[in-house]
Each structure stands twice: as C-alpha cells, then as structure tokens.
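Have a look at the structure below, then the notes.
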Amino acid sequence: MAGTQHTQTHPKFTWLFLGIPKGQNCMPVVIRIAADTEEEAREWYSRWDLTFAAKIRSECSLYQYASGAYELNVMGVHHA
C-alpha cells in the first residue's frame with residue numbers, strides 16, 4: 001500500500017518583528033509570521049512600521065506561551 005505524499009509546502013522561516021501601526025504612538029508589539037522571505041513577511045503587515053527582530057528556520061521549534069515566555073527545543077533538549 002502506497003503512503004500518502006505530503007504536497008503542501010511550508011514557509012522556510014518564522015520572522016519576528018517589533019511593530020506599531022503606522023501613524024500611532026504606542027508600545028511596539030511582537031509580530032510573528034511564517035514566510036519564505038523577509039519581504040513576503042513584511043507584506044502581511046504593510047500598514048505597520050516594523051523593526052526586524054529575528055529570522056528562525058521553520059525546522060527550529062520555538063514556542064511562545066500565552067504568558068510571553070519562549071521555549072526552544074533543539075535536538076530534543078528543551079531550553080526555556
């Protein structure tokens with residue numbers, strides 16, 4: 001029996017930015033978006049002023065909890 005082929009492509013990177021809506025004077029928020037390029041990621045937030053914060057490979061499992069804490073799982077070892 002043949003296995004099923006997964007044909008969907010996943011973005012290569014998760015991009016993190018600090019951003020505020022254009023024309024606003026407020027505290028920046030962390031924006032996280034999956035995309036292949038920084039340009040593509042920025043297009044999703046074209047009405048925001050963005051400051052680059054990080055580029056993370058999709059294979060890298062970075063998880064953000066509701067509390068704002070991050071957990072990074074590298075090769076089965078958890079770093080919090």
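The values are calculated or read from the model by the stated rules, or taken from the named source; none is laboratory data. Worth saying up front: this structure is predicted, and the values here are computed from it rather than measured. Backbone-built Cβ (ideal geometry, glycine too); neighbour counts: all protein chains shown. These accessible areas exclude ligands, DNA and RNA; they are computed on the full protein's heavy atoms, side chains included. Shrake-Rupley method; radii C 1.70, N 1.55, O 1.52, S 1.80 Å.
The residue pairs whose first member lies in the stretch 18-34 and is among the basic types (Lys, Arg), whose second member is open to solvent by 70 Å² or more (accessible area, probe 1.4 Å), and whose beta carbons are closer than 6 Å, counting only pairs six or more residues apart or on different chains, are Lys22/Arg47; Lys22/Asp49.
The combined condition, being modelled with pLDDT under 70 and either open to solvent by 100 Å² or more (accessible area, probe 1.4 Å) or among the β-branched types (Val, Ile, Thr) (or both), is not fulfilled by Ala2. Within 13 Å of the chain's Cα centre (by Cα), open to solvent by 50 Å² or more (accessible area, probe 1.4 Å) and modelled with pLDDT of 95 or more: does that describe Phe52? Yes; evaluated as a whole, the condition is true for this residue. Among the residues of the stretch 16-28, those identified as assigned to a strand (DSSP E or B) and either open to solvent by less than 70 Å² (accessible area, probe 1.4 Å) or on the phi > 0 side of the Ramachandran plot (or both) are Leu16, Phe17, Gly19, Ile20, Pro21.
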